[in-house]
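Participant: Below you will find the structure I want to go over with you.
The values are calculated or read from the model by the stated rules, or taken from the named source; none is laboratory data. Note that the structure is predicted; figures quoted are calculated from it, not measured. Cβ placement follows ideal geometry from the backbone for every residue including glycine, while neighbour counts extend to all protein chains displayed.
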Amino acid sequence: MTPAALYTLYAAFVLGGTGLYFLLPNPDRGKSLAGAAVGALGLVALIVAWALVGEAGTGAAFYVLGLVALLCTVRVITHPKPVYSALYFVLTVLAVAALCVLQGAEFLAAALVIIYAGAILVTYVFVIMLAQQSGPSSVDRRSREPFLSVCAGFVTMAVITAHASKALESNDQAAGLTRAEARLASVVTESGAPAGLAEDEAKPSDDGANPPAVAGNAMAMGGAVMTRYMVALQLSGLLLLIAMVGAVAMSRKRVPQEGAVALRAPLGQAGREVPPY
Amino acid sequence: MKDFLVTQFGFSLVLAALVFAVIQGAVAYCIYYERKIAAWTQDRYGPNRAGPLGLLQPIADGLKFVFKEDYIPGHVDKVLFVLAPGIMFVVCGIGFLILPWGGQLDASTIPWLGSHLQPGERMLSVQVVSLNVGILYLLAVMSMSVYGVVLGGWSSNNKYSFYGAMRACAQMLAYEIPMGLTILVVVLTMGTLRLEEIAAEQAASGVWNVFRHPLAALILFITALAEANRAPFDLAEAEQELVGGYHTEYGALKFGLFFLGEYASMITTSALVVVLFLGGWHVWFVPALTMEATSIWAVLAKMTVMAGKVAILIFVYMWVRWSLPRFRFDQLMRLAWKSLVPMSLGLFAAAAGLLYFGLHRSIPACLAVNAVVLAGAVAVASRGRTPITGRQANLRRRTDMNDVSLAEVRT
């Protein structure tokens, strides 16, 4: 990464962060056009930085999808209505999934959409809609600690950018594979594919037009997850199980079955509380 | 231009446009089909005024949708209100792209367009796109369709619509799990995620997956009914309780788009069941319907067979709708979580076990596994006091409760 690109990137972060600070919802200030302008400048700087780095993208689609993802992410945290925030989150996930497809990581893209957009965010929307029946709450109109969170965002970005720039420096794209895919492929070949997979790979594809999925990334992911990352996989499964047991334990309450209370309620309140069945 | 149309890309474009148009038309006639089946079930005539046998009725209905006033009520969230039918339409428009309609096509047999090609020189896949994640794409697209329903219901700012949206949301989340698990059973058996390979292997061996895993096929069909919001799972629109459910406030073309989405997702899900379990375009003992037959006429025959199988499944959808009463919501949830999820989990684990022992293609072993899972489920169910669709045991009857409370008040 050239110094010019690096400083443009810094400028983009500072401008973007400042813009974001002013865009975060705050009822005392109202809508901040200046914040939006500064943020837009930051985006322009970011595009310039991308163009200077050059090799990160794969043409116009990358820039468009990247911009969509970024703008939607900003709207996730700046939109005052939670339902819209969740929907912008869905859009972000879709844009990121499309970026994954551009990088040839189709399995990751499909998993992102199925799990995040299709399941987790539907649950979010569900909860938000249930919770928001009496209009938006005051908590949603004022962001909590906007300055500190922008600073925390800076630190996170610094860590990620440091790693990314290191990766860019040692980037060898000889095989035309992305680094992650090269690593996955090496995992599969090192450890030898599991028995079932080897059998399927040996089986010749019966049609000529569709090339067989050589190191198709679903297979590579499967191989990596079941060999090198086996412990991590099992641990995360266990963690989810514990979380589920905890959630059941916390949410399970004995419903008090006292119809008498409802009958004794003052006039006008009677019948409001319907006992379950 | 002439050569472009017989490359895979050009052919895919033509096929996408063709299938999209056919599905739009099929949706209109599905509604006619549904009304006729409803009529036969209830011993009536059904639509018989517009055109011969009422065949012009769907066209009249479609024109009515287009020409009605496109009214947006004042109390709705306008952006999402307009967006919701759009989401529904887009989702139903891109889901079918992955479906294989007719195996391989030898481009040289296409009249005029392929005349300059040698036989076997260029093989086209009769499928719009072939992704190596195959079926996961369809699952991803189908999981997005819930947003159309949920946003439609929420943005209408109406309690009935909102209840419909809530029900649809919980239902789709619950039924996606057994659906995904039964699809994984097929993936384990076939060893591929590509739908065209799954169809081709069933055709090559002549053994449809339904003969290996009938229970999985049944569960997939039930979840497909639920995902398409069809009776007995149509709690999201339940006319008798919720006026019209999530589309109470919709009219004209926007309502038409919701309707289109429902019927198009019926077509897509039944095509999915056909490809996964019913052999796709394959029928036994017909030479035109084998892997080797790749001429344009054979492909057209295969597409017809596939469409016929889809039509039969859609008939079953409608037959179910006009025969069975709707589930109550707690029954719906218990059916998903207490019966379909454990059974499909059991099937999935068993299929993985069969794969480990190399028995995943053996029909007796697969059938035995299905029988064991079914017997286990029946055993557990018979130990419970009520069937899964009955009243939940720990809920007390309202009359009992009233008695208790009255007694308490008296003392």
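Quick grid of which residues meet (1) modelled with pLDDT of 80 or more; (2) surrounded by fewer than 21 Cβ atoms within 10 Å (Cβ to Cβ):
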| site | (1), (2) |
| --- | --- |
| A:VAL48 | no, yes |
| A:THR58 | no, yes |
| A:LEU71 | yes, yes |
| A:ARG75 | yes, yes |
| A:LEU87 | yes, no |
| A:GLN103 | no, yes |
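Participant: Looking for something in contact with a strand residue (DSSP E or B) (Cβ under 7 Å, 6 or more places away or on another chain), farther than 22 Å from B:VAL27 by Cβ and more than 8 Å from chain A (Cβ to nearest Cβ) - is there at least one such residue anywhere in the range B:143-159?
Facilitator: No: the range B:143-159 contains no residue that is in contact with a strand residue (DSSP E or B) (Cβ under 7 Å, 6 or more places away or on another chain), farther than 22 Å from B:VAL27 by Cβ and more than 8 Å from chain A (Cβ to nearest Cβ).
Participant: A follow-up question, please. Identify, from the list B:GLY134, B:GLY93, the residue that is within 20 Å of the chain's Cα centre (by Cα) and either free of Cβ contacts under 8 Å to residues at least 24 places away in the same chain or more than 12 Å from chain A (Cβ to nearest Cβ) (or both).
Facilitator: Of the residues listed, the single one that is within 20 Å of the chain's Cα centre (by Cα) and either free of Cβ contacts under 8 Å to residues at least 24 places away in the same chain or more than 12 Å from chain A (Cβ to nearest Cβ) (or both) is B:GLY93.
Participant: Looking at the range B:233-262 only, could you name the residues that are assigned to a helix (DSSP H, G or I), more than 14 Å from B:VAL150 (Cβ to Cβ) and at pLDDT 80 or above?
Facilitator: Within the range B:233-262, B:ALA252, B:LEU253, B:LYS254, B:PHE255, B:GLY256, B:LEU257, B:PHE259, B:LEU260, B:GLU262 qualify.
Participant: If you scan the range B:308-351, which residues turn out to be small (Gly, Ala, Ser) and surrounded by fewer than 19 Cβ atoms within 10 Å (Cβ to Cβ)?
Facilitator: Scanning the range B:308-351 gives B:GLY308, B:ALA311, B:SER323, B:ALA349.
Participant: Check B:GLY256, B:GLY280, B:GLY261 and return the single one that is buried (at least 19 other Cβ atoms within 10 Å of the Cβ), within 14 Å of chain A (Cβ to nearest Cβ) and of a type outside the set (S, T, N, Q).
Facilitator: On the way: B:GLY256 fails: within 14 Å of chain A (Cβ to nearest Cβ); B:GLY261 fails: within 14 Å of chain A (Cβ to nearest Cβ).
Sole residue among the options that is buried (at least 19 other Cβ atoms within 10 Å of the Cβ), within 14 Å of chain A (Cβ to nearest Cβ) and of a type outside the set (S, T, N, Q): B:GLY280.
Participant: For the range A:39-61, check the following and say yes or no: at least one residue is within 30 Å of B:LEU139 (Cα to Cα) and hydroxyl-bearing (Ser, Thr, Tyr).
Facilitator: Yes - at least one qualifying residue is present in the range A:39-61.
Participant: Hey, another quick one. Does the range B:109-124 include one or more residues that are at positive phi and of a type in the set (S, T, N, Q)?
Facilitator: No, every residue in the range B:109-124 fails to be at positive phi and of a type in the set (S, T, N, Q).
Participant: As an exercise: evaluate B:GLU69 against (1) part of a helix (DSSP H, G or I); (2) touching a residue at least 60 places away in the same chain (Cβ under 8 Å) and give the number of the one condition it does not meet.
Facilitator: So the condition that B:GLU69 fails would be (1).
Participant: Could you check, for the range B:122-131, whether at least one of its residues is more than 8 Å from chain A (Cβ to nearest Cβ), surrounded by fewer than 20 Cβ atoms within 10 Å (Cβ to Cβ), within 20 Å of B:GLY93 (Cβ to Cβ) and touching a helix residue (DSSP H, G or I) at 6+ places or on another chain (Cβ under 6 Å)?
Facilitator: Yes, some residue in the range B:122-131 is more than 8 Å from chain A (Cβ to nearest Cβ), surrounded by fewer than 20 Cβ atoms within 10 Å (Cβ to Cβ), within 20 Å of B:GLY93 (Cβ to Cβ) and touching a helix residue (DSSP H, G or I) at 6+ places or on another chain (Cβ under 6 Å).
Participant: Also: Could you grab me the full set of residues in the range A:64-100 that are facing chain B (nearest Cβ under 9 Å) and either hydrophobic (A, V, I, L, M, F, W, C) or farther than 26 Å from A:VAL150 by Cα (or both)?
Facilitator: A:VAL83, A:LEU87, A:VAL90, A:LEU94, A:ALA97
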